Structure formats: C-alpha cells, structure tokens
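S.K.: Structure below; questions to follow.
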Amino acid sequence: MALPKLVRREHASLPVLIAAPFVALAIAGLSNLVLYAAIGVDPLAVFKAMLIDPFTSYFSFSEILLKAGPLLLIAQGLAIGFRAKVFNIGAEGQFVLGAIFASAIPVYMPQASGAWIWPTMLVLGMLGGLAWAAITAFWRVHLNANEILVSLMLSFVAIQILNYLLLGPWKDPMGFNFPQSVMFQFDALLPILLPGTRVNISLVIVLILTIVAWFFVQRSFAGYRLEVGGLAPNAARYAGFSQSGAIWLSLLIGGAAAGLSGAAEVAGPVGQLQRAIATGYGYAAIIVAYLGGLHPIGIIFSAFLIATLYIGGDNAMVSAGLPIAAVNVFQGTLLLAYLAAATFVRHKLVWPPGARA
Amino acid sequence: MPGAIHAILGENGAGKSTLMKLIYGVETPDEGTITWMGEATQIASPAAARRLGIGMVFQHFSLFETLTVVENVSLLVPGNKKDLAERILKLGREFGLEVDPLAHVYALSVGERQRVEIIRCLMVDPKLLILDEPTSVLPPQAVNQLFETLRRLSKRGVSILFISHKLEEIRSVCTHATILRSGKITGNVTPKDFDAHVLATMMIGRDMPHLSPAEPVKRGEKQLELTGLSLAADDPFGVSLEDISLHVHAGEILGIAGVSGNGQAELAAVISGETPLPKMMQGRIAMHRHEVGALNPAARRKLGFAFVPEDRLGQGAVPELSLVKNAILTAYLQGMVQRGMIRRGRAETFARDCIAENDVRTPGPEAEAGSLSGGNLQKFIIGRELMLEPKLLFLNQPTWGVDIGAATAIRRRLIALRNAGCAILVISEDMEDLFALTDYMQVLSKGRLSARFTTSETAPEDIGRAMIGASGDAA
C-alpha cells in the first residue's frame, strides 16, 4: 500500500496555525474520554466536572485566574527563549529559588512592616530566578553544556535547597516540627484584587508583563535578534548577532519570569515557604508556551486552558472519582496532539498519484 | 537514439531538472506518457528506472563520504565486493574513469567523486545515462577528460542526456540539443550548426544582453588586506587556510577562482568575520587601514563592509521571515532601530525600494524570503547590500544558480559600483563570470592562494593550471 508523504509547504499555512490548538484539544479530549470510559469512570461526568463546573461559580472561576497567573508569566518568559531555540526546561527550579529569595525578608524580619515589603519580595524573587538561570547560561556559553540537561538537573538541586532550609535553619520554631517557615506577616502578603477570593495583585502585574512581552517579541530589535538566531543560526552569525548574548538573554528572561512567579506564590495564596510550593508550574508552563504557539497572545489562551484543566481535574477527582494521574495524562496527550497538529503548519500530506485511483 | 549525446539546454527554472526527474522516476507526470524503447511506460520510482536501464548522475552527489568507493557501489549493485572492485577497475580503464575502489569517498576530489557516480551507473549496463550539470563542479582540464569518457560511452551505444546551460560545452560534445524555456520546448537543433549567441537567444527568448568588457579605472586606496593569514580547520572535513595574502584597492575587482571545497567557505567566513580568529592571527586582516581581526561582522559592516554570502536561504536571508524583516538583518544601522525598538516604517520603505530598484519579482515586501526563486532572492540580497553603500563589497558565488538574464544584471551593477570607486572581492567557480568581471585574479586551491594574475593578460588555461597545480585533480 502506498503511504502518503510529508512534504514541506512553500508558505506557513495560517488556517492550520489557528486551527492546530483546537484540533489538538479535540483529539486529546476525545482520546482521554475513551480512556476514562476504559477505566470505568463515567466520561460525561468527568467532562462536566472538568470543563463546565469550573465556570459555574465565582469562587472556582477565581481559582482558575489564580492558577493561570504563574502559568502565563512563566510561559511568556520561556517562549522567548524557545523561539530562539534556547530550551530552558528548568523553570521549576528557578520558580523555587524565586520563592526562597522572596521568603528571606519575612523569615529574617518577621516583625517588619510597611508597604515596601511585598514589592521588595517580588524583586528579590525575580533576582533569585535570574541567578539560578544564570548558572545554566554560564555553563552553556563557556563549556557548551546542554542547557536542557543543566537547567533540568538544577531544578532537583533547587528542591534540595528548599528541603534543607525548611528542615533546618528556616523551620518555624513554633511550627510543631513541620517542614515549613513562619507564616508571613500581613505586609509580606500581596494585596487581594477580587474581594472574597485568593486572586491578588500579581495577576495585574502578569497581564502588564504580557503586554511587555508582546512588544519585546514583535517590535524590539533584541526580540528580532533572538528570532533570527532561532530560525537560522547562520543568518544570525552572518548579521553579527552574538550567539552567547542570545543564550544569556533567553535564560535570564525565563529565569526572572519564573522567579517572580515563585515569589508571588509564597507571598500570595500560600503565605509561607513550604515544600508544597513546587507543584509543577515550571513544567506545565512548557506545555502552555508551545500550546500558545510561542506567541504572547496565544499563550494567554493556553494559560487559561491549562489552568481550567487543573481546577477541573481537581473537581473530577472529587466528584467523578478520577485518579490523580489523569490530569497529567491529559496534559501530556494535549502537548503530543498539539505538536503533531503543528507539523501541518509547515508541512502537508501528499498522496502518491496511484493511491487515489 | 542509441549512441546520441543529447543536450537539454535552458535557463535556471526552465524545467530541465523537472524533466529529468520525471524520466528518472523521482517525480511522476500529471499527464502524458513516456515512451521507452518504443513502448509507453510508467516510471514510478528511481528503482524502476534503473531496472529499465536508465542511470542518473545528480548535480549534488549522492555518495556516503565515510564509506569506500566499492561500498558505495555495492549499496545499489548486487554482488560481492571483490568482484565489484575488479569491475570498477576494468570499467575505469575502459572509459578513462580510474579510481581506487578501496579509497574512502571523503578523501576523493570532486572530479573523482563524479567518476564514482558515473561508474556506479555503468555497473548495471545502462542504455541511457542522464548527467545533471556535470561540468559545473570541474576544473577545465577535468572537463575535457569527462567529455572524452562521454564520447567513448556513446560509441558503445549508450545514449546520454546532458543537462547544461554552458553553450560552448554543448557545442563541443553534443550531437543534438533540445531547448527548454518556461517548461516548454522551444527548439530542437544540432548544436554544431549554430553559434553560441544564437543558442543563447533561443534559450532566453530575447537577444543576449551585451556586456561591455570591464575597462580599468583609476585605483584608489587599499580597502582590504590579508597578510600571511593561516587558520587550521576545526572539523575533519574542513580545509585549513595556509599563508593567505591578498589586497583589494578601491576601484578594482579581485576574483578568487577555484573549485568549491578548496577553502572558499573558510576564507569567506574569515573575511566576513563569521569565524573568530585566534589572537595571533588577528593582526593579519585589515579593512580601510583598521585592523579588524577582533571585530564581528556587525562591527565590520560599520566600517563600510558589505557581504553577499554563498548560501542565500539560511545565511543571507531567513526563509521563514518576510522581506521586510530580512531587510533589517544587515541594514538595521540605516536608522531602522530607535531606542531598541524596530521602526517598521523605515524597514518597509527600505524593502520596497530594494524590490523596485533591483527588479525582484515578488508579490510584495511581506512575502516570505523562502517563497522567492533563487535568482530573485539573490537580487534582493545583493540589492540590500548595495543599499548599504559599501566601500568594500565581498561576494561569494554571486551568480551560482542564477539565470543568464539576472547574472548579467548583477555583473553590470558590480562594474558600475567599481567604477564609482568601490573595492570588490568576488569568490566564484564560474570562469565566465570571473573573466567578464575582474581586474585581477588569484586561485584558491587546497587552502592556498596563488600569485596574482592580471585578468586582461591571462588565458583560462593559465587559471586552470593553477587550479590543479597544487591539487592533482588532473589525474
């Protein structure tokens, strides 16, 4: 039997570019519903709990906004690097370092008060993530060490640093020996944006930074240099754009975004430094970035989609008896389906002429 | 016709390669039939073509460099290696195609690789042999040797399809010629009966644009100088540059002749600044009296340097980006960036001007660079570099894969630019180009640069001798 061949298109297809995430979502949704039916869970109940229930109450919708914030910010930072083909997979570690740096103020100055505290914490968090990513950039530039491996392994180091601090020097002396820091004082917490919910001021910061990211990618010369370096490294060399500069910039932007998110997490919904802050935002943001087509506007939509799946997945676990791994499986299927669908933006299937007859 | 050497003649993009791909079964026709030995046939794949007795030598060789000659042959031809090696030697003696069957392909010269390709086709006793631009990669002496082989083959009754756009070659070796223009046959002639000028007119459909020979103008000051520059290759298949010295003055064109793969790419990257030089060599390259060894391409451009690279897609232009964005690539210093932000209006005007002034055929400045034909993209890239108003212009293979009309336009612009006082350095494989353009020539062979020839006092054979003098390609 003659198989169709994958042939490169002359132009990127705009319709396929727009349709790809929706097709991917449909394929992932369908195949997962089949999977749920196979393990004996009612697919319709799961569907309702996952995609409809999150939007039926003010509170659960606000939880989506809360989850979407860090996903959106980290993904915007990572996407800038991914477009330049610098693959920072270690946003999780940069997120944790951001959380640790930000926590230094309430841990060492638990009595301090004033409006300066939470903004300073955010800045410290950003610097923490930046510093952690700088380690990866340094080794990549000076030893040509693969940034995927270095950044990923540094994430595990970051978790160990977190464990050390929480089990040792930063443990709350009044905390019944639980591995967590003191509860942060009021001025170390981000102001609440929507009354009655946990959504805080960081959402506004994230949306502003999204606009900044759009300008950076679409309009700035630095963004252009990164784009050229990602699409055609030889053209970047020919133009005289520095490759090590691109690596530094990509990783530092990604690290700063992840670090800021980590700070906003401890100073926001969590309110203290604890082991549970590392919930996988850094990894999920990779999916968010690709699902959004590495485009600042697309990422807004994909961040809300993945956040909905988080909240919906929690719902489904409680009300439809879905196993805890199901949400991860869904995310994985979704990324796979999207990467397959995205292939058709620049390629098409051509059937050999004999096969049609 | 058995024993005929039949030329397929046409400009770039006339459909020569497409036609050959149909015959060799790489592509299948939408309509119509192919008649082979008096019978209508469908050729579904290259394997089917080989079974029918059709062999093809592609312009870009399809050999595995890390395997030996006989191993490469055995991938397509059944039989044990010892027998194959003997047959390779026998065929080699018979047709003047001597190669060592046990040599590794990466160690062979381009001419020898081509012989391997031809032998591989001959092993299966073909009735038709297709050669796609076989002379474009050969030095002049090796071309004559190839023609001798072709004549011997045709005496044995092998038909040969010879694709080329070099008219003199076709006149000297081919018995028939079919002329293609825009996918249609415009003539079937006996090439010996017509002179090159008439054939060219048939091929491009209008009178050949006449090119006035380059009259020398007054030389200005020295714009580029390399003194005794050496650079070891850092990959095993690269070429090391040894003791390279050259200089170009304002108002003159220096050509670097030679077959690609003799250090052209390495030399180009050193002059453009894409390859960083080790500290001790940095003082050996100067532009406009500045030492530039430590500067990257962008910094050299600020001194008035412009460069047209060999590779258009992926180096000279980013295929996925629009022409506007490709204009920014090297022209960003022309006021296109302000406080770190791109001024799109400026870039768009620049791209529009470049398209209009250089007769680039494209739907508009928003078209992706990858959608342009090779010749049109080259016109855009050269146009962009000229708009930088360089004092020193460097071009690597400027007319490679460009049709005659566009190539003539490019030559004319370069001569005008030289007359206006620009220093120009051209690396080219195309002897016709070099003789039409340059004031002086040097030959690059095995990473070494010959002494300087004055073009008006030099014959192509002298250059040919210098090309093989150090390389031994004449074997």
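The values are calculated or read from the model by the stated rules, or taken from the named source; none is laboratory data. Bear in mind that the values here come from a model prediction, so they are computed numbers and not experimental data. Cβ atoms come from the backbone with ideal geometry, glycine included; neighbour counts cover every protein chain shown. Quick note on the areas: whole protein, heavy atoms, side chains included, nothing else; ligands and nucleic acids left out. Shrake-Rupley method; radii C 1.70, N 1.55, O 1.52, S 1.80 Å.
S.K.: When only residues in the range B:218-264 that are among the β-branched types (V, I, T) and in a loop (DSSP other than H, G, I, E, B) count, which is nearest to the chain's Cα centre (by Cα)?
M.R.: Result: B:V259.
S.K.: Of the conditions (1) open to solvent by 10 Å² or more (accessible area, probe 1.4 Å); (2) within 29 Å of A:I253 (Cα to Cα), A:A79 satisfies every one except a single condition; which number is it?
M.R.: Among (1) open to solvent by 10 Å² or more (accessible area, probe 1.4 Å); (2) within 29 Å of A:I253 (Cα to Cα), A:A79 violates only (1).
S.K.: Among B:L377, B:L329, B:L333, B:L388, which is the only one that is more than 9 Å from chain A (Cβ to nearest Cβ), closer than 14 Å to A:Y224 by Cβ and either of a type outside the set (V, I, T) or part of a loop (DSSP other than H, G, I, E, B) (or both)?
M.R.: The unique qualifying residue is B:L333.
S.K.: If A:V266 satisfies all but one of (1) under 30 Å from A:G175 (Cα atoms); (2) within 14 Å of chain B (Cβ to nearest Cβ); (3) hydrophobic (A, V, I, L, M, F, W, C), what's the number of the condition it fails?
M.R.: (2)
S.K.: Quickly run through the range B:188-203 and pick out the residues that are over 23 Å from the mean Cα position of the chain (by Cα) and surrounded by fewer than 16 Cβ atoms within 10 Å (Cβ to Cβ).
M.R.: B:N188, B:T190, B:K192, B:D193, B:D195, B:V198
S.K.: Scanning the range B:272-286 for residues that are within 14 Å of another protein chain (Cβ to nearest Cβ) and in contact (Cβ under 8 Å) with a residue 40 or more places away in the chain, which turns out most open to solvent (accessible area, probe 1.4 Å)?
M.R.: B:T275
S.K.: Still on this structure: Considering only residues of the range B:425-448 that are open to solvent by 30 Å² or more (accessible area, probe 1.4 Å) and over 18 Å from B:K166 (Cα atoms), which is modelled with the highest pLDDT?
M.R.: Residue satisfying both the conditions and the ranking: B:Y440.
S.K.: I'd like the full set of residues that are of a type in the set (S, T, N, Q) and within 14 Å of chain B (Cβ to nearest Cβ), limited to the range A:234-263.
M.R.: Listed by number, the residues that qualify are A:N234, A:S242, A:Q243, A:S244.
S.K.: Given the conditions (1) over 26 Å from A:A68 (Cα atoms); (2) open to solvent by 60 Å² or more (accessible area, probe 1.4 Å); (3) within 14 Å of chain B (Cβ to nearest Cβ); (4) among the aromatic types (F, W, Y), which single one is not true for A:W214?
M.R.: So the condition that A:W214 fails would be (1).
S.K.: Just name the residue that is surrounded by the fewest Cβ atoms within 10 Å (Cβ to Cβ) out of those in the range B:151-186 that are among the basic types (K, R) and outside any strand (DSSP E or B). Walk me through how you get there before you give the answer.
M.R.: Within the range B:151-186, the subset among the basic types (K, R) is B:151-152, B:155-156, B:166, B:171, B:181, B:184.
Now drop any that are not outside any strand (DSSP E or B), which leaves B:151-152, B:155-156, B:166, B:171.
On the way: B:R151: 14, B:R152: 14, B:K155: 9, B:R156: 12, B:K166: 18, B:R171: 18.
Checking each candidate, the answer is B:K155.
S.K.: Looking at (1) in contact with a Gly (Cβ under 7 Å, 6 or more places away or on another chain); (2) modelled with pLDDT of 85 or more; (3) open to solvent by less than 50 Å² (accessible area, probe 1.4 Å), find the lone condition where A:F301 falls short.
M.R.: Only one criterion in (1) in contact with a Gly (Cβ under 7 Å, 6 or more places away or on another chain); (2) modelled with pLDDT of 85 or more; (3) open to solvent by less than 50 Å² (accessible area, probe 1.4 Å) is unmet by A:F301, namely (3).
S.K.: Of the residues A:S62, A:S31, A:S57, only one is farther than 30 Å from A:A232 by Cβ, open to solvent by 10 Å² or more (accessible area, probe 1.4 Å) and touching a residue at least 60 places away in the same chain (Cβ under 8 Å); which?
M.R.: On the way: A:S62 fails: open to solvent by 10 Å² or more (accessible area, probe 1.4 Å); A:S57 fails: touching a residue at least 60 places away in the same chain (Cβ under 8 Å).
Matching residue, one of A:S62, A:S31, A:S57: A:S31.
S.K.: Can you tell me which residue is farthest from the other protein chains (Cβ to nearest Cβ) among those in the range B:337-358 that are among the small types (G, A, S) and buried (at least 18 other Cβ atoms within 10 Å of the Cβ)?
M.R.: Ranking the qualifying residues of the range B:337-358, first place goes to B:A351.
S.K.: Would you check which residues across the range B:288-306 are within 14 Å of chain A (Cβ to nearest Cβ) and either outside any loop (DSSP other than H, G, I, E, B) or open to solvent by 30 Å² or more (accessible area, probe 1.4 Å) (or both) and list them?
M.R.: Residues satisfying the conditions are B:A294, B:L295, B:N296, B:P297, B:A298, B:A299, B:R300, B:R301, B:K302, B:L303, B:F305, B:A306.
S.K.: I'd like the full set of residues that are assigned to a helix (DSSP H, G or I), of a type in the set (F, W, Y) and in contact (Cβ under 8 Å) with a residue 12 or more places away in the chain, limited to the range A:149-185.
M.R.: Scanning the range A:149-185 gives a single hit, A:F156.
S.K.: Which condition number in (1) modelled with pLDDT of 90 or more; (2) within 28 Å of the chain's Cα centre (by Cα); (3) of a type outside the set (S, T, N, Q) is the one that B:G314 fails?
M.R.: Evaluating B:G314 over (1) modelled with pLDDT of 90 or more; (2) within 28 Å of the chain's Cα centre (by Cα); (3) of a type outside the set (S, T, N, Q) leaves (1) as the failure.
S.K.: Please verify whether B:L84 is within 23 Å of B:R51 (Cα to Cα) and buried (at least 22 other Cβ atoms within 10 Å of the Cβ), treating the condition exactly as stated. So that I can check it myself, show each step before the final result.
M.R.: Values: within 23 Å of B:R51 (Cα to Cα): yes; buried (at least 22 other Cβ atoms within 10 Å of the Cβ): no.
So B:L84 does not fit the description; no.
S.K.: For the range B:396-415, check the following and say yes or no: at least one residue is farther than 30 Å from B:M202 by Cβ and part of a loop (DSSP other than H, G, I, E, B).
M.R.: No.
S.K.: Looking at A:G230, is it under 23 Å from A:A145 (Cβ atoms), modelled with pLDDT of 90 or more and more than 14 Å from every other protein chain (Cβ to nearest Cβ)?
M.R.: It is false that A:G230 is under 23 Å from A:A145 (Cβ atoms), modelled with pLDDT of 90 or more and more than 14 Å from every other protein chain (Cβ to nearest Cβ).
S.K.: Here is a follow-up. Which of the numbered conditions does B:V318 fail, given that it passes all the others? Conditions: (1) buried (at least 19 other Cβ atoms within 10 Å of the Cβ); (2) facing chain A (nearest Cβ under 7 Å); (3) farther than 26 Å from B:I271 by Cβ.
M.R.: (3)
S.K.: Checking the conditions here, which among B:A416, B:A451, B:A420, B:A369 is at pLDDT 85 or above and touching a strand residue (DSSP E or B) at 6+ places or on another chain (Cβ under 6 Å)?
M.R.: Working: B:A416 fails: touching a strand residue (DSSP E or B) at 6+ places or on another chain (Cβ under 6 Å); B:A451 fails: touching a strand residue (DSSP E or B) at 6+ places or on another chain (Cβ under 6 Å); B:A420 fails: touching a strand residue (DSSP E or B) at 6+ places or on another chain (Cβ under 6 Å).
From the options B:A416, B:A451, B:A420, B:A369, the qualifying one is B:A369.
S.K.: Another one. Is it true that some residue in the range A:189-205 is loosely packed, with under 14 Cβ neighbours inside 10 Å, more than 14 Å from chain B (Cβ to nearest Cβ), within 29 Å of A:F59 (Cα to Cα) and over 25 Å from the mean Cα position of the chain (by Cα)?
M.R.: Within the range A:189-205, one or more residues are loosely packed, with under 14 Cβ neighbours inside 10 Å, more than 14 Å from chain B (Cβ to nearest Cβ), within 29 Å of A:F59 (Cα to Cα) and over 25 Å from the mean Cα position of the chain (by Cα).
S.K.: Restricting to the range A:233-248, name every residue that is hydrophobic (A, V, I, L, M, F, W, C) and in contact (Cβ under 8 Å) with a residue 60 or more places away in the chain.
M.R.: We begin by selecting, within the range A:233-248, every residue hydrophobic (A, V, I, L, M, F, W, C); these are A:235-236, A:239, A:241, A:246-248.
Within the range A:233-248, A:A246, A:I247, A:W248 meet the criteria.
S.K.: Look at A:A326 and say whether it is crowded, with 23+ Cβ neighbours inside 10 Å and closer than 30 Å to A:P179 by Cβ.
M.R.: Taking the combined requirement at face value, the residue does not satisfy it.
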